[in-house]
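Trainee: Got a structure for you, questions after.
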Amino acid sequence: MNMEAHSSNYNSSQPPPPAAAKWIQDNEDSDTDQKWAPSDSQFGGNKLRAPKTLAEETEFTKGGKKRTIVKRKKRRLEDGISDEEEDPYTLINIEDILSPIELPTDIVRRPALRRILLSTQIDALARTSMEFIEGEKNFNKILCRLSAIMHHDDPRYLDLTFDRTLEQRKKYKQDVEAASQAAATLSQAPASSEDDDDDDVVEALDPKVLDAEVVATIKEIENQDEHVDTEVQEVVKRVKELLLENINYSNEYISRLQGARNKLCKASMQKETLWKELKANAKEEDLRNKASFVNTTTNSSSSFH
């Protein structure tokens, strides 16, 4: 009876349990669909839980209910506890990486140094430089072909001419005259009427002077041989000079690229030869060490008997 009364008093003192609807959620909001991280299943369903090496679970009882509480331990050097998930550098031996090598064959045995000799970056640079050389050679061929055409050295373009016809030159002269007249009209300054004695004075940008200069230029051009187009000859000469300059620059660029590629190929061959020699020497050292270990073991066993 006492037990029943005690249990009834205990149940009356406890708050009523929540409704079942509060604990039931839709499928969209369920815990099975919501995770802290996409890889929670790899860490026991809770990635935020501390690792076992540095975590301690204790049971706490309150109000007749037991709850499990995860307490985090303090790291101590004397405990030797390592948290590999928090500190990824725990298992790395810094001394093996930073200490200087004692023998050349240590390069073969150390992964960090071995990776340098086995790297393919030099070969990739050599291939890239070859691609640059091929592209520049194609561009150089185009420049040389154009230069040959300009100098009438290409048999397929021997009849090529750059001179303009007489009609084209006349039209060009008319365009020049119209442009000069328009410039004179825009730059004409208003005449001053303060002094009548200054009527004979001509301004620097007076249309009369400009017209006289244009007429003199036209006469000078007409006096020249109509079959010779000096302006086109000047343009063609300038184009030939620029072509020659660009061809020389292209040849120099190709030469430097080839020199760099030759050095890269030489370095790659030397690196491969060095790797083979170091690997063979390391194998010989291992055989010698193994033989000396066997001899030492045999001598110690014979002396023991």
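The values are calculated or read from the model by the stated rules, or taken from the named source; none is laboratory data. All values reported here derive from a predicted model rather than from experimental measurement. Positions of Cβ are generated from backbone atoms using ideal geometry, with glycine treated the same way; all protein chains shown enter the neighbour counts.
Trainee: Take region 104-127 and flag every residue that is part of a loop (DSSP other than H, G, I, E, B), without any contact (Cβ under 8 Å) to a residue 40 or more places away in the chain and not small (Gly, Ala, Ser).
Mentor: Answer for region 104-127, where residues must be part of a loop (DSSP other than H, G, I, E, B), without any contact (Cβ under 8 Å) to a residue 40 or more places away in the chain and not small (Gly, Ala, Ser): Arg110, Thr120.
Trainee: Return the residue satisfying two criteria in turn: it lies in region 178-201 and is within 16 Å of Glu213 (Cα to Cα) and modelled with pLDDT of 80 or more, and of such residues it is surrounded by the most Cβ atoms within 10 Å (Cβ to Cβ).
Mentor: Ala184
Trainee: May I pose another question? Pick from region 256-305 the residues that are under 25 Å from the mean Cα position of the chain (by Cα) and free of Cβ contacts under 8 Å to residues at least 12 places away in the same chain: which of them is nearest to Phe139 (Cα to Cα)? Spell out how you get there, then give the answer.
Mentor: Keep residues of region 256-305 that are under 25 Å from the mean Cα position of the chain (by Cα), which gives 256-265, 267-268.
Among the residues that remain, those that are also free of Cβ contacts under 8 Å to residues at least 12 places away in the same chain are: 256, 259, 262-263.
Working: Arg256: 16, Gly259: 19, Asn262: 21, Lys263: 24 Å.
The residue in question is Arg256.
Trainee: Does region 71-83 contain any residue that is assigned to a strand (DSSP E or B) and modelled with pLDDT under 80?
Mentor: At the first step, the residues of region 71-83 found to be assigned to a strand (DSSP E or B) are 71-72.
Those left that are additionally modelled with pLDDT under 80: 71-72.
Within region 71-83, one or more residues are assigned to a strand (DSSP E or B) and modelled with pLDDT under 80.
Trainee: Oh, and also: In region 227-272, how many residues are closer than 20 Å to Met130 by Cα and among the β-branched types (Val, Ile, Thr)?
Mentor: Residues in region 227-272 being closer than 20 Å to Met130 by Cα and among the β-branched types (Val, Ile, Thr): 2 in total.
Trainee: I'd like to check something: does region 107-129 contain any residue that is surrounded by 10 or more Cβ atoms within 10 Å (Cβ to Cβ), modelled with pLDDT under 85 and over 37 Å from the mean Cα position of the chain (by Cα)?
Mentor: Checked against the condition, which is being surrounded by 10 or more Cβ atoms within 10 Å (Cβ to Cβ), modelled with pLDDT under 85 and over 37 Å from the mean Cα position of the chain (by Cα), region 107-129 yields no hits at all.
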